[in-house]
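Here's the structure, in structure tokens; my notes come after.
Every read-out reported here was derived from the displayed coordinates using simple, explicitly stated rules and does not represent laboratory data. Since we're looking at a predicted model, the values are computed, not measured. All Cβ positions, even for glycine, are placed from backbone atoms using ideal geometry, and neighbour counts span all protein chains on display.
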Amino acid sequence: MILLRPFSPTDIPSVMEIVRRSLGETYPPSLYLTVHNLWREGFLVLQAEGVVVAFVAAVPSGERVARVLMLGVLPERRRMGYGHRLMGELYSNSIAKGFDTLILEVRKSNKEAIGFYERQGFALTGEIDNFYSNGEGAYKMSKTLQS
């Protein structure tokens with residue numbers, strides 16, 4: 001059974017593991033609480049068979065803009081539509097909150113993620129050097145939401 005639901009602080013260990021395994025990053029638990037407190041409807045998890053296997057975390061970034069901070073899916077659970085489902089719910093929640101634009105950053109080397117976001121309707125809007133903890137640069141992408 002698949003369940004898409006809001007993040008809960010009890011999900012922190014699962015989300016941290018997804019971040020480590022799918023994004024190659026390690027963040028302190030307090031970051032997830034901060035994101036959760038900034039916009040609860042922007043932090044969603046997807047459970048399969050009772051286990052959190054994917055999540056998306058977004059925060060307000062301007063009057064009508066939300067920023068996707070992270071989207072992660074366990075490597076063995078990719079290409080099952082989980083990212084698409086999470087983003088669809090995020091689009092709905094963003095429109096309900098009054099946002100008309102989503103922005104994000106993606107590793108320049110992550111061709112799979114870039115392709116995913118392009119299929120979701122995001123367009124490249126710029127570049128940032130030395131964005132990630134390992135010094136890798138990022139592409140900036142944005143999407144206009146249709147209400």
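Summed over qualifying helices (DSSP H, 4 residues or more, each -39500 (n - 2.57)) and divided by its residue number, the chain shows a 222 nm mean residue ellipticity of -8500 deg cm²/dmol. For K97, a cut-off of 18 angstrom between C-alpha atoms picks up these lysines, skipping any fewer than 8 places away in its own chain: K143. A viscosity of 1.567 mPa s and a temperature of 4 °C, combined with the Kirkwood radius over Cα pairs in Stokes-Einstein, give a translational diffusion coefficient for the chain of 84 µm²/s.
Electrostatic tally near E41: other residues with Cβ closer than 13 Å to its Cβ, Lys and Arg +1, Asp and Glu -1, net +2.
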